[in-house]
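Step one of this worksheet: look at the structure below.
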Number of protein chains: 4
Amino acid sequence: MSTTQNHHNHATATLLIDCPDRKGLVAGIANFLYSHNANILHADQHQDASLNLFLMRVEWDLEGFDLNDEQFREAFAPIAGQFNMRWRVQYSAAKTQVAIFVSKYDHCLVDLLYRYRSGEFNCEIPLVVSNHPDAREIVEFYGIPFHVIPVTAETKQTAEQQQIDLLQAHNVDLVVLARYMQVLSPTFVSAYAGKVINVHHSFLPAFIGAKPYHRAYDRGVKLIGATSHYVTEVLDEGPIIEQDVIRVSHRDSLEDFIATGRDLEKTVLSRAVRWHCDHRILVYGNKTAIFVS
Amino acid sequence: MSTTQNHHNHATATLLIDCPDRKGLVAGIANFLYSHNANILHADQHQDASLNLFLMRVEWDLEGFDLNDEQFREAFAPIAGQFNMRWRVQYSAAKTQVAIFVSKYDHCLVDLLYRYRSGEFNCEIPLVVSNHPDAREIVEFYGIPFHVIPVTAETKQTAEQQQIDLLQAHNVDLVVLARYMQVLSPTFVSAYAGKVINVHHSFLPAFIGAKPYHRAYDRGVKLIGATSHYVTEVLDEGPIIEQDVIRVSHRDSLEDFIATGRDLEKTVLSRAVRWHCDHRILVYGNKTAIFVS
Amino acid sequence: MSTTQNHHNHATATLLIDCPDRKGLVAGIANFLYSHNANILHADQHQDASLNLFLMRVEWDLEGFDLNDEQFREAFAPIAGQFNMRWRVQYSAAKTQVAIFVSKYDHCLVDLLYRYRSGEFNCEIPLVVSNHPDAREIVEFYGIPFHVIPVTAETKQTAEQQQIDLLQAHNVDLVVLARYMQVLSPTFVSAYAGKVINVHHSFLPAFIGAKPYHRAYDRGVKLIGATSHYVTEVLDEGPIIEQDVIRVSHRDSLEDFIATGRDLEKTVLSRAVRWHCDHRILVYGNKTAIFVS
Amino acid sequence: MSTTQNHHNHATATLLIDCPDRKGLVAGIANFLYSHNANILHADQHQDASLNLFLMRVEWDLEGFDLNDEQFREAFAPIAGQFNMRWRVQYSAAKTQVAIFVSKYDHCLVDLLYRYRSGEFNCEIPLVVSNHPDAREIVEFYGIPFHVIPVTAETKQTAEQQQIDLLQAHNVDLVVLARYMQVLSPTFVSAYAGKVINVHHSFLPAFIGAKPYHRAYDRGVKLIGATSHYVTEVLDEGPIIEQDVIRVSHRDSLEDFIATGRDLEKTVLSRAVRWHCDHRILVYGNKTAIFVS
């Protein structure tokens, strides 16, 4: 599977669009970009015939392009209005600010931190938040501030307010739940709608909820899976970003399921983070279009 | 994945055992076989520690072996009793007699017929049964009698009795539901317990019941799957034999899901049939051990 | 993996382009199509930065489009010239005419025939050619004329001329080598450059040449594969269209490799045929871009 | 795929055997173990009919077993002699001592260190050796001594002697080449025959030698792979332990191949290390049997 990882040597801008499908859309967008001297690096579009929906991602080199971020927004607005677009543009100088939330299981965290340091993610990670102190050492090894905010049934509201204060203080655009074992309140979720990515350790919609590996083991499945998805108010029901599976057999114990599954969780979560930070994901309805081009 | 396909040039016998795990089991079985001059071709065993269960499949060459089918049953009974075994033995001369049930979708049927003719299945197929006449031509092309038994809500009981009469007349050991679109009654299922294999077009337990591709499409999954399983009284809840998945994306329409899924259905169903006919499947609880050796 | 299978209910046209990458390309093409009232159904493009190459596939509904096939060629020529394009356009009314070549192994043939009858391929198959009579019965079952042209070292040149005469008589656009065991002469290959698809039973470039399963078995690989590719004058070196693999183990015999591999061969060959007939494949250098959108 | 990871709560012993296949072998071994009161936890055997070879792995609980390591070797020798066995036994108290060799690419190293700390490997890692200083920080984070031994064409012999001295000083049983970019001399290889595992970044035997991703990119493959194998004197020709692949497309740049491939390399190398340390690998000829049970 393509997991395209473009290393942007130049400054680029990315435009994501969805709107009702109409003749003249591509021409309208292409002419706009051409008239401002854009050198298109990647363009990818999709028509969902069943919804009459047009989806597009286009990325261009900023060298020679004659609009800055603010000017773009102003100049593009009339076209967007004409075609009834939902749209957003990102200039690469403004990197996504990511906070990782973790509890005790640290395999996804450690994987994300290494990939981050290796330059796989087009983002900055100003902080890691945990309800346990266990991960401090490895987080600080990578030079990232680590914040412990314990959460109990009684303190949950206060704890979430502390988390939100931290996120706001760091201008966080994306929260990654790296096996964070607390359910976020509807208040939190709606404050960060479309900005929280979770990993669930099953191929959703199988085994929604608690202890998916235990239930997979009891059911005698021949494949186990993991799913990364955006968090919505309904548990494990948000738009799916990525899924993967691995074969198991009667020879695998529950402990084997859990150990093997860790690698799947790392894979699907890291892909989701990379794609989100490269602005490759467009959410429409309860689905995602992933533009890997 | 190993899908071992042994072409038995010699006559062989296969013994499948499950019992409480105890010291001396393997020695007991091995000594019995050795004392009767068995040349073991394949042996595979598994201990399920969580259930304290011992599972074994052993296959040996009959050349030089000094017991026939009937003598084996008599001679082995004391050991089986001593270790509290559930067991069965199959001499390869007695091939599994398979009936295929089909409705209108014929991709699994056509795949099974070709594999049968190619010698992939260690079985005989004396008949195909359908509630529609559509598949007659291809079935008869392969020289197999084709029986149309229409099924309606009113005639279901009579129709099932006709089916059972046919199965009994042909000494059928295994019924393969190759996208047969009628739910079998509890009476039928209990008459052929452990002897009916179905293919469901999802990775169970996701999308149990009707229209799984439609629901997968609506959910926005990134993988679709198929599952072969033994039929029990609870729909889509029987012991899973095999599962497989394939990647889909937002670019795939519902029609693509259905078309792509057909290949998965063929794969998981044909493996299940091959393994069953090679006596590689041991059902314990609601799970299967698949001895592919 | 996406294996998009669009069922064209309407007449459509497909344009495939490759040319040096330049600003204004997309705008130029989009404006041309828009000015002739095209309703774009799918558009997919790719920039190969290392080659400064622009590749595009665009498919539109012909309802309301104001150019027929001939008019399109005339009207588009100036734009094509301006941007130095290699291009071709296909109107869906002109289906690809496919000839299948087969020898004795018939699994790919039977798979292709069934898919063809099921409507998976956007093509017509006016004939099947073989150097052996074995496949006649199944080919004629599907109502397709079957031609036996024996090939020996001495008769090869004459036999190929007979084949080419048949292909020309049926206006064949694509020759599918479905485990056809004769090497085509350079004369044949150059006469049908880019129009012959072969399946090789290894993941190329491993095990080029004869007996790849035997050599894979001897090497002790843990995966076996198959590859579909366009045929060029250098054996097994043509542009790769599709590859797939399956896991094997020490438990698998050479016979298992061969039997398991058959399913891979069917998969990669049928995908190649579908994509070619849907005009999704663009060959550049010795590579293929596959536009599955 | 099964990647069984048994966490041995009890002391166990593992016996690996290969010998000419003969009647009575299993009975002989089973009786020996039973007579010394072994509680068998896992047993797995394989007959390679083409070589007339019998391969077996058996693991039993040491609680109640009446032979220690030394006594076992003495008591088992007569049976081993009778059946002409190559065999080895490992008592779990004697953990495999592993040295990791690394150069500048540290993704495999970091992955191995994390898995080691998480208890995935049944081994001890007393040292990491590198020809570059770069990895010191992360290795020492995990509390493992880090030795820099620079290697140049002139100093190679001396450097290897230093390496061997270190390995001997730490009683190292297994050397893991985690993208170590120096070719080991025949002297080193023969001193550690069957005890050096390498990862090659292609699905061998494709792209033997240097720059496999570059060559895969140039060839236009649709799958890239990685292979772990035992090192022998012929480069990239040793017995294959594990292979895996991932799909790529024309959209992937060479940099994408390299980045995506890193995950494959981690996977196949870590499985090889785990299986080796669990004594699941039996080398015969130039092949491996992997007993994952």
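When cysteine pairs in the protein assembly as shown are screened for C-beta atoms closer than 4.7 angstrom, the residues that find no partner are A:19, A:108, B:19, B:108, C:19, C:108, D:19, D:108. Shown in residue order for region C:30-39 are the 3J(HN,Hα) couplings computed by the Karplus curve 6.51 cos²θ - 1.76 cosθ + 1.60 at θ = phi - 60°: 4, 5, 4, 5, 5, 5, 9, 6, 7, 9 Hz (x for Gly and Pro). In this assembly of identical copies, the label point of residue A:71 (Cα plus 7 Å along Cα-to-Cβ) is separated from its counterparts by 4.2, 8.8, 9.7 nm, sorted shortest first.
Rounded to the nearest 10 square angstrom, residue A:183 shows an accessible area of 90 square angstrom against a 1.4 Å probe. Taking chain A as a Gaussian network of alpha-carbon nodes connected by springs under 10 Å, the highest mean-square fluctuation of the residues A:250, A:201, A:279 belongs to A:250. Could you tell me the center-to-center distance, by alpha carbons, between region D:188-236 and region C:14-69 in angstrom? Cα centroid of region D:188-236 versus Cα centroid of region C:14-69: 42 Å apart.
Based on the Cβ-Cβ distance from residue B:63 to residue D:168, what FRET efficiency comes out when R0 is 60 Å, to the nearest 0.05?
Numbers: r = 52 Å, r/R0 = 0.87.
The value I calculate is 0.70.
Computed with a 1.4 Å probe over protein heavy atoms only, the accessible surface of region D:3-91 comes to 42 Å² per residue.
Within the set of other residues whose C-beta is less than 10 Å from the C-beta of residue D:134, count the net charge using Lys and Arg as +1 and Asp and Glu as -1.
Numbers: positive: D:104, D:136; negative: D:106, D:137.
That sum, taken over residues with Cβ under 10 Å, equals 0.
Note on region D:3-91: with charges restricted to the Cβ of Lys and Arg (+1) and Asp and Glu (-1), its dipole about the Cα centre is near 300 debye. Overall shape of the protein assembly as shown was characterised from the C-alpha gyration tensor. The equivalent ellipsoid obtained from it has semi-axes of 47, 41, 31 Å, in decreasing order.
Given a 1.4 angstrom probe, what's the average accessible area per residue across region B:96-290, in square angstrom?
Working: 6510 Å² over 195 residues.
With the other protein chains kept in place, region B:96-290 gives 33 Å² per residue.
Converting the Cα gyration tensor eigenvalues of region C:148-197 into ellipsoid dimensions via √(5λ) gives semi-axes, longest first, of 17, 13, 11 Å.
How large is Rg over Rh for region C:3-91, taking Rg from the Cα atoms and Rh as the Kirkwood inverse mean of 1/r across Cα pairs? We get a ratio of 0.96 for region C:3-91.
Taking all protein chains as they are arranged and a probe of 1.4 Å, the heavy atoms of residue C:74 leave approximately 140 Å² accessible to solvent. Distance between the modelled labels on residue B:218 and residue A:79, one decimal in nanometres: 3.7 nm (7 Å Cα→Cβ projection).
Sorting D:181, D:56 on solvent-accessible area from highest to lowest, probe radius 1.4 Å, gives D:181, D:56. Inter-copy label distances at residue A:35, shortest first and taken from points set 7 Å along Cα to Cβ: 1.6, 9.5, 9.5 nm. Specify the residue with the greatest mean-square fluctuation among B:99, B:13, B:153, computed from a Gaussian network of chain B linking alpha-carbon atoms under 10 Å apart. Result for chain B, Cα springs under 10 Å: B:153 fluctuates most.
Rounded to the nearest 20, the Cβ-based charge dipole of chain C about its Cα centre (Lys and Arg +1, Asp and Glu -1) stands at 620 debye. Secondary structure note: in region D:27-136, about 60% of the DSSP beta bridges are antiparallel.
Evaluating 6.51 cos²θ - 1.76 cosθ + 1.60 at θ = phi - 60° for every residue in region B:191-196, the Karplus couplings come out as 5, 10, 4, x, 10, 10 Hz, glycine and proline recorded as x. For chain B, the alpha-carbon radius of gyration amounts to 1.07 times the rule-of-thumb value 2.2 N^0.38 Å expected for a compact globular protein.
Charges only on Cβ, +1 for Lys and Arg, -1 for Asp and Glu: so what's the dipole of region B:206-262 about the Cα centre, in debye to the nearest 20?
Details: 7 positive and 9 negative charges, 61 e Å.
The calculated dipole for region B:206-262 is roughly 300 debye.
Ignoring everything except DSSP H segments at least 4 long, calculate the 222 nm mean residue ellipticity for chain D; use -39,500 (n - 2.57) per segment, divide by total residues, nearest 500.
Taken over chain D, the calculation gives -10000 deg cm²/dmol.
Rolling a 1.4 Å probe across all protein chains gives residue C:125 an accessible area of roughly 10 Å².
Using a Gaussian network model of chain A with C-alpha springs under 10 Å, which one of A:252, A:173, A:61 is most mobile by mean-square fluctuation? Greatest mean-square fluctuation among the candidates belongs to A:252. Semi-axes of the equivalent ellipsoid for region A:66-219, computed as √(5λ) from the eigenvalues of its C-alpha gyration tensor and ordered from largest down, come to 32, 21, 17 Å. Nearest chain A C-beta to the A/B rotation axis, reported as residue and distance in angstrom, is A:206, 2.
Put +1 on the Cβ of every Lys and Arg and -1 on every Asp and Glu Cβ in chain A; which of A:243, A:290, A:27 then has its Cα farthest towards the positive end of the dipole? Farthest along the dipole direction, towards plus: A:243. Buried accessible surface for the B/C chain pair comes to about 2700 Å², total over both chains, computed with a 1.4 Å probe.
Take every Cα pair under 8 Å whose residues are at least 6 apart in sequence, average their separation, divide by the length of region B:3-91, and the relative contact order is 44 percent. The local environment of residue B:289, defined by Cβ-Cβ distances under 12 Å, has a net charge of +1 under the rule Lys, Arg +1 and Asp, Glu -1. Rounded to the nearest Hz, the phi-derived 3J(HN,Hα) couplings of region A:237-246 under the Karplus curve 6.51 cos²θ - 1.76 cosθ + 1.60 (θ = phi - 60°) are 10, x, x, 6, 9, 8, 9, 8, 9, 9, where x marks glycine and proline.
Using the Cβ atoms and a cut-off under 9 Å, what net charge is assigned to the surroundings of residue D:56, where Lys and Arg are +1 and Asp and Glu are -1? Intermediate results must be reported in sequence, preceding the final value.
On the way: positive: D:57; negative: D:18, D:44.
Taking every other residue near residue D:56 into account, the sum is -1.
Counting only DSSP beta bridges with both residues in chain B, the antiparallel share comes to about 70 percent. Distances between equivalent label points of residue C:165 across the copies, with each point positioned 7 Å along Cα→Cβ, amount to 5.9, 8.2, 9.1 nm, shortest listed first.
Every Cα-Cα pair of region C:206-293 was included, and the share exceeding 15 Å stands at 61 percent.
Tally up the carbon and sulfur contribution to the accessible surface of the protein assembly as shown as a whole percent, 1.4 Å probe, everything protein left in place. Intermediate results must be reported in sequence, preceding the final value.
Numbers: 21760 of 42420 Å².
Answer for the protein assembly as shown is 51 percent, counting heavy atoms of protein chains only.
The values are calculated or read from the model by the stated rules, or taken from the named source; none is laboratory data. In this text the structure is predicted, and so the values were computed from the model without any measurement. Please note: Cβ atoms are built from the backbone with ideal geometry, for glycine as well, and neighbour counts cover all protein chains shown. With ligands, DNA and RNA removed, areas are computed over all heavy atoms of the protein, side chains included. Shrake-Rupley method; radii C 1.70, N 1.55, O 1.52, S 1.80 Å.
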